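Reviewing the structure listed below.
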Amino acid sequence: MSETIQERIFRVISTSARIPLTAVAPERTFDELGIDSLDRLNILFDLESEFAIEIDDNEARKATHIRDIVSGIQQLVGAAGTPAPGR
Amino acid sequence: MRRVAVTGVGVISALGLNQEGFREALQSGRCGIGPMECAEANDLRFKNAAEVHGYDPEAKFSAEDLVFLDRFVQFALLAAEEAITQAGVEWTQQLREEAAVVTGSCMGGRSAEEAGYRELFQHGKNRVHPMTIPRGMSNAGASHISMKYGIQGPAYTVSTACSSSAHAIGQAFWLVRSGAVPMAITGGSEAPLFFGGLKAWEAMRVISKDTCRPFSANRSGMILGEGGAMLVLEPLEAALARGARPMAEIVGFGMSADAGHITQPSSEGAARAIRSALRDAGLAPEQVGYINAHGTATEMNDRTETASIRCAFGEHAERLAVSSTKSMHGHTLGAAGALEAVATVLALRDGVLPPTANFTTADPACDLDVIPNVARELSVEAALSNSFAFGGLNAVLAFRSSARA
């Protein structure tokens, strides 16, 4: 079965921030997961690659919880169609 | 130990091609930020920068010289020329042999390197211009100033990101104060508005799509700027003896390292640099009336810097005027410390404190007196210029008004 958007986001966050996939959940905050400002930059960079999208700086800055990222990406991907991973 | 005077300054920036344009803009709160004339602006997520306008390199340098001079070196030479002219330096063989040149630059001539790499990677060429290395090296500014004036004493370049030229000026000050050199030409320059560099800053997600609003609740990040500034430092006694007019005295220099995070600043580290500058200057906190803040307009900097000022000054922070002139000339990275040192010297000389332009809404976490939008006529005894770099490297310069000396 192919990955959902949320699963892909969790995988990218887990890989990028080097934290266990099981720790990544919508209700967790970046702070709780020990994700600092540079980790966030790397995650955003990797998510942009994964979904071939462009994430706005100001929108990204507002995200405090993992769920904020998931909903933001879902909107962006919805707006852009469903591009192939890693494009 | 000698007292050290600033006897000349030179500036080229988005606020004008000389010191007078810079002074006029700072004192009238005019902002030099606008749409970039970068050829690839459409491929960038931000469009605005503090660019030098109305500058024609060919009017200032011969075609023969320009082959060797990257834009950041041109800025260094033009600023040095204005500073040396204003100081009325009388070159003797001995002065040329002993004087120092200490410059700062963060990116150096990377635009020259980029032009070379384009040939290789984009245009399929298998060679780059033979002047790529001499144009690109970060010390080219110091070298060309020394060559132009025949200055043969200590000459070098400091690269500590956004603190580069503050570190350079501080070291030059110490060289003059200790008696190691009879004069120093010092400052910095930067020309960071080239595509690869802009893309790298874009990826840091700290650049505003709007403008630079330091300490304002609705700030949206920094605005990159280009330019250069130089100062002539010499012993106060020697300056007065030769009839030079000191603009201000440079009295202290403090440095520290956060030893923390590569990009997140620490208020403790910054406060230690401030305290160290005050100690070096022999100034009590109450003697300081103005701080030219690092004030990048990122949330991280502005809040941390506010906390560091409160930490270093205690109660006196309530009576300090603090402004970020980056709101007008942008963040010129390795040149920032030099542009802002000049802004601080002019504030002391003229008794006019430059404002924080583009200020709209107060941020409770940045609750100092930030001189919003309108310059303030106020003579202060002493002033600081803060520079805090990525990598946690902090440099603070202290100046004192000559009027009260």
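Read the figures in this text as sums done on the coordinates, not as results from a lab. Because the structure is predicted, anything quoted here is derived from the model rather than measured. Glycine also receives a Cβ, built like all others from the backbone with ideal geometry; neighbour counts cover every protein chain displayed.
For chain B, averaging the sequence separation of C-alpha pairs within contact (under 8 Å, six or more residues apart) and dividing by the residue count gives a relative contact order of 24 percent. Exposed loop sites here are GluC sites (Glu not before Pro) assigned a DSSP state other than H, G, I, E or B and surrounded by at most 11 other beta carbons within 10 Å; excluding them, the longest clear run of chain A is A:55-87. Mind running the shape call on region B:61-134? Use the C-alpha gyration tensor, a ≥ b ≥ c as the square roots of the eigenvalues: rounded below 1.5 for a/c, prolate if a/b tops b/c, oblate otherwise. Taking the square roots of the gyration eigenvalues as a ≥ b ≥ c, region B:61-134 is prolate.
Rounded, prolate or oblate, given the Cα gyration tensor of region B:1-93, with a/c below 1.5 counting as rounded? Judged from the Cα gyration tensor, region B:1-93 comes out oblate (a/c at least 1.5, b/c at or above a/b). Restricting region A:1-65 to chymotrypsin sites (Phe, Trp or Tyr not before Pro) that sit in a DSSP loop and have at most 10 other Cβ atoms within 10 Å of their own Cβ leaves nothing. Relative contact order for region B:12-147: 23 percent, from Cα pairs under 8 Å spaced at least 6 residues apart, divided by residue count.
The helix-only estimate of mean residue ellipticity at 222 nm for chain B, built from DSSP H runs of length n ≥ 4 each weighted as -39500 (n - 2.57), is -10500 deg cm²/dmol after division by the residue total.
B:L353: net charge of surrounding residues, Cβ under 14 Å, Lys/Arg +1, Asp/Glu -1, itself excluded? Charge balance in the 14 Å sphere: -1.
Of the trypsin sites (Lys or Arg not before Pro) found in region B:32-125, those that fall in a DSSP loop while having at most 12 other beta-carbon atoms within 10 Å are B:K125. Among the GluC sites (Glu not before Pro) within region B:1-88, those in coil by DSSP and having at most 16 neighbouring Cβ atoms inside 10 Å are B:E37, B:E40. Other residues within the sphere of radius under 13 Å centred on the Cβ of A:I9, judged by their own Cβ, net out at -2 (K and R +1, D and E -1).
With Cα atoms defining each centre, region B:96-136 and region B:154-218 are spaced 18 Å apart in the structure.
Does chain B classify as rounded, prolate or oblate by the C-alpha gyration tensor (a ≥ b ≥ c root eigenvalues; a/c under 1.5 gives rounded; else a/b over b/c gives prolate, otherwise oblate)? Because a/c hits 1.5 or more and a/b fails to exceed b/c, chain B counts as oblate.
For the options B:A229, B:A347, B:A238, a Gaussian network treatment of chain B with springs between C-alpha atoms closer than 10 Å singles out B:A238 as fluctuating the most.
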